[in-house]
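Asker: I'd like to ask some things about the structure below.
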Amino acid sequence: MAVRRVAPPEQQPKDFAFTAENAEWAKKQIAKYPAGRQQSAIIPLLWRAQEQNGGWLPEAAIRHVADMLGLAHIRALEVATFYTMFLLEPCGKKAHVQVCGTTPCMLRGAEAIFDVCKKRIHHDPMHVSADGDFSWEEVECLGACVNAPMVLIWDDTYEDLTAESFNKVLDEFAAGRKPKPGPQIDRQLAAPIGGPTTLKSVKA
């Protein structure tokens, strides 16, 4: 895992403000919390700011959210730099791939997934591909260890990957389509591969 920092000044927009619709949405989020606890709305507000900005969170947006919540800017920066769900640099327009590099995924073939990212997107993480469509990074556990190796792309996980099946997932995004999330093999969610193996029949 690399140290998480905001993008350099030349990549940062000068300012940021919520659209009228998002500003109204933010007010409703803040109102969910009791008096004196409105700062607890920081994560949903940062997430909405990231969505509005095309998938990444600029420093101006972090400051904007902090001001809405009466937070010191550094406190909002602490949250934004802690969670890998917040992308602090420009990302691919069609897909930003977060590859799990924790032990279960590494033991089950994550190296092949990293190799695809390096060859197909960019050799180094957090660099946008030449066509501007893709970017990638390594992250810690994404919570689907039984279906390792896996990646998170936007809001969905893609699991039980091989280099071949991962390339097919990227092909779908490249074509402007959304591939089916979840396991990329014949299994339902985290059920055993090949279907049930025990308790197939119950005696009266």
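The values are calculated or read from the model by the stated rules, or taken from the named source; none is laboratory data. Keep in mind that what you see is a predicted model, and the values were worked out from it rather than measured. A quick note on method: Cβ atoms are made from the backbone with ideal geometry, for glycine too, and the neighbour counts reach across all protein chains shown. Calculation scope for accessible area: heavy atoms of the full protein, side chains included, ligands and nucleic acids excluded. Shrake-Rupley method; radii C 1.70, N 1.55, O 1.52, S 1.80 Å.
Asker: Please work out if Arg75 is at pLDDT 95 or above, open to solvent by 60 Å² or more (accessible area, probe 1.4 Å) and farther than 28 Å from Pro179 by Cα.
Answerer: yes
Asker: Can you tell me how many residues in region 118-167 are in contact (Cβ under 8 Å) with a residue 12 or more places away in the chain and more than 16 Å from the chain's Cα centre (by Cα)?
Answerer: Count: 16.
Asker: Within region 178-189, work out how many residues are assigned to a loop (DSSP other than H, G, I, E, B) and under 16 Å from Leu152 (Cα atoms).
Answerer: 6
Asker: I'm checking my understanding of the structure. Among residues of region 1-37 that are open to solvent by 50 Å² or more (accessible area, probe 1.4 Å) and aromatic (Phe, Trp, Tyr), which one is modelled with the lowest pLDDT?
Answerer: Restricting to residues being open to solvent by 50 Å² or more (accessible area, probe 1.4 Å) and aromatic (Phe, Trp, Tyr), the top hit is Tyr33.
Asker: Just give me the residues in region 133-191 being modelled with pLDDT of 95 or more, in contact with a helix residue (DSSP H, G or I) (Cβ under 7 Å, 6 or more places away or on another chain) and of a type in the set (Gly, Ala, Ser), in sequence order.
Answerer: Residues satisfying the conditions are Ala148, Ala163.
Asker: What number goes with the only condition from (1) open to solvent by 20 Å² or more (accessible area, probe 1.4 Å); (2) outside any helix (DSSP H, G or I) that Val146 does not pass?
Answerer: (2)
One line per residue, one yes/no per condition, for (1) touching a Leu at 6+ places or on another chain (Cβ under 8 Å); (2) at pLDDT below 95; (3) buried (at least 18 other Cβ atoms within 10 Å of the Cβ); (4) among the small types (Gly, Ala, Ser):
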{"position": "Tyr83", "(1), (2), (3), (4)": "no, yes, no, no"}
{"position": "Pro90", "(1), (2), (3), (4)": "no, yes, yes, no"}
{"position": "Ala110", "(1), (2), (3), (4)": "no, no, yes, yes"}
{"position": "Ile113", "(1), (2), (3), (4)": "yes, no, yes, no"}
{"position": "Val116", "(1), (2), (3), (4)": "yes, no, yes, no"}
{"position": "His122", "(1), (2), (3), (4)": "no, no, no, no"}
{"position": "His127", "(1), (2), (3), (4)": "no, yes, no, no"}
{"position": "Ala130", "(1), (2), (3), (4)": "no, no, no, yes"}
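Every residue, every condition in (1) polar (S, T, N, Q); (2) open to solvent by 60 Å² or more (accessible area, probe 1.4 Å); (3) farther than 30 Å from Ala60 by Cβ, yes or no:
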{"residue": "Val97", "(1), (2), (3)": "no, no, no"}
{"residue": "Glu140", "(1), (2), (3)": "no, yes, no"}
{"residue": "Glu159", "(1), (2), (3)": "no, no, yes"}
{"residue": "Glu164", "(1), (2), (3)": "no, yes, yes"}
{"residue": "Pro179", "(1), (2), (3)": "no, no, yes"}
{"residue": "Ser201", "(1), (2), (3)": "yes, yes, yes"}
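Asker: Is there any pair linking a residue in region 22-37 that is within 12 Å of Leu69 (Cα to Cα) to one that is among the polar types (S, T, N, Q) and surrounded by fewer than 15 Cβ atoms within 10 Å (Cβ to Cβ), with Cβ under 7 Å and at least six apart or on different chains, and which?
Answerer: Tyr33/Ser40
Asker: Here's another thing I want to ask about it. Could you list, in sequence order, all residues of region 149-177 that are over 14 Å from Gln98 (Cα atoms), in contact with a strand residue (DSSP E or B) (Cβ under 6 Å, 6 or more places away or on another chain) and in a loop (DSSP other than H, G, I, E, B)?
Answerer: Result: Asp160, single match.
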